[in-house]
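> Sharing a structure with you now.
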């Protein structure tokens, strides 16, 4: 059990994981409010409101800044990494999700023929800019709160 003790002593990692968990829990709650159904797959799935990736990296950067100083190169590296992750979530992964929607529609049309497709492509991959910003704000708040 000693190998798991580092979570208690690693402030940055603990705050980042807490931020991710809260963002994922909020996704489940938002889906519950919207659809009146509990969808536990949202707790581990990507996409949706708020971005847990953004919350994770924002909390990481803020907790590094609080621990090491906001003027340090380490905070700068964490901030740049966080911006890359957020750009990817709202750009590349969102575009891939839109492509999956189109491909699934094509597969559905071919599905009426004798061709068999094993599974549909996952459509909820990325985030809207609002979801990314919400995740970043959540991570910043949690980074300062803990």
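> Pick from 80, 85: which is at pLDDT 65 or above and either surrounded by 13 or more Cβ atoms within 10 Å (Cβ to Cβ) or touching a helix residue (DSSP H, G or I) at 6+ places or on another chain (Cβ under 7 Å) (or both)?
Of 80, 85, the one residue that is at pLDDT 65 or above and either surrounded by 13 or more Cβ atoms within 10 Å (Cβ to Cβ) or touching a helix residue (DSSP H, G or I) at 6+ places or on another chain (Cβ under 7 Å) (or both) is 85.
> For residue 98, indicate whether it is in a helix (DSSP H, G or I), surrounded by fewer than 17 Cβ atoms within 10 Å (Cβ to Cβ) and at pLDDT below 95.
yes
> If only one of 80, 31 is more than 10 Å from the chain's Cα centre (by Cα), assigned to a helix (DSSP H, G or I) and touching a residue at least 12 places away in the same chain (Cβ under 8 Å), which one is it?
Only one candidate passes the filter, namely 31.
> What number of residues within the stretch 11-25 are under 13 Å from the mean Cα position of the chain (by Cα), surrounded by fewer than 20 Cβ atoms within 10 Å (Cβ to Cβ) and in contact (Cβ under 8 Å) with a residue 40 or more places away in the chain?
Qualifying residue count, the stretch 11-25: 2.
> Within the stretch 31-47, is even one residue at pLDDT below 95 and closer than 19 Å to residue 143 by Cα?
No.
> Kindly provide the set of residues from the stretch 68-77 that are assigned to a helix (DSSP H, G or I) and more than 15 Å from residue 143 (Cβ to Cβ), ordered by number.
Scanning the stretch 68-77 gives 73, 76, 77.
The values are calculated or read from the model by the stated rules, or taken from the named source; none is laboratory data. Since this is a predicted model, take the numbers as computed values, not measurements. Here Cβ is always computed from backbone atoms with ideal geometry, including for glycine, and neighbour counts include all displayed protein chains.
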